[in-house]
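The values are calculated or read from the model by the stated rules, or taken from the named source; none is laboratory data. Because the structure is predicted, anything quoted here is derived from the model rather than measured. Every residue, glycine as well, gets a Cβ built from its backbone with ideal geometry; the counts of neighbours run over all protein chains shown. Calculation scope for accessible area: heavy atoms of the full protein, side chains included, ligands and nucleic acids excluded. Shrake-Rupley method; radii C 1.70, N 1.55, O 1.52, S 1.80 Å.
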Amino acid sequence: MATAIFGAGCFWGVEAFFEKFEGVTATRVGYTGGFVENPTYEQVKSGETGHAESIKIEYDPTVITYSELINIFFESHDPTSRNKQGIDVGHQYRSVIFYDGASQKYIAEEKINEWNEKGIFKRPIVTEVIEASTFYEAEEYHQKYFQKNGSVACGIG
């Protein structure tokens with residue numbers, strides 16, 4: 001198995017979106033890219049920890065590739081919107097790919113160029129590409145939020 005970490009706004013909807021795809025074997029939502037150890041949801045949503053609400057995806061690369069996951073990532077939110085997805089505004093809701101190693105970084109940068117060249121979006125992609133740091137799992141009530149509650153309170157896309 002391999003892993004990928006993305007930030008695409010409110011993690012509830014992003015997790016539900018990714019879980020639909022064959023080859024995605026597990027997902028966990030959490031916080032990545034900040035400077036506070038073991039942040040809580042309340043701290044992250046304040047925008048003062050530097051973290052992005054993120055999803056860590058475990059996947060089978062023989063079934064779905066990292067490149068395909070990035071395509072799904074771009075389809076799951078608006079990667080041209082800086083620090084805002086739907087009604088959620090702030091650095092913690094930024095569009096970001098947290099890469100692990102040179103290969104993931106290269107693929108992420110190439111996919112951004114590819115999508116920009118295709119002109120799929122009316123504006124350029126502003127997704128950050130940042131080396132992965134510690135992924136802190138969110139509190140248990142955030143995990144599989146859609147499945148537990150039947151709906152999501154935040155917008156995606």
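Just to check your reading of the model, which residue among 138, 108, 102, 132 is of a type in the set (A, V, I, L, M), modelled with pLDDT of 95 or more and open to solvent by less than 30 Å² (accessible area, probe 1.4 Å)?
Sole residue among the options that is of a type in the set (A, V, I, L, M), modelled with pLDDT of 95 or more and open to solvent by less than 30 Å² (accessible area, probe 1.4 Å): 108.
Got a number for residues in region 30-79 being in a loop (DSSP other than H, G, I, E, B), crowded, with 16+ Cβ neighbours inside 10 Å and either among the charged types (D, E, K, R) or in contact with a Ser or Thr (Cβ under 8 Å, 6 or more places away or on another chain) (or both)?
Residues meeting the conditions: 7.
Of the conditions (1) acidic (Asp, Glu); (2) open to solvent by less than 40 Å² (accessible area, probe 1.4 Å); (3) free of Cβ contacts under 8 Å to residues at least 60 places away in the same chain, residue 88 clears all except one; give me its number.
It is condition (3) that residue 88 fails.
Being out of contact with any Phe, Trp or Tyr (no Cβ under 7 Å at 6 or more places or on another chain), of a type in the set (Ser, Thr, Tyr), surrounded by 15 or more Cβ atoms within 10 Å (Cβ to Cβ) and not in a loop (DSSP other than H, G, I, E, B) narrows it down to one residue among 27, 3; which is it?
Exactly one residue qualifies, and that residue is 3.
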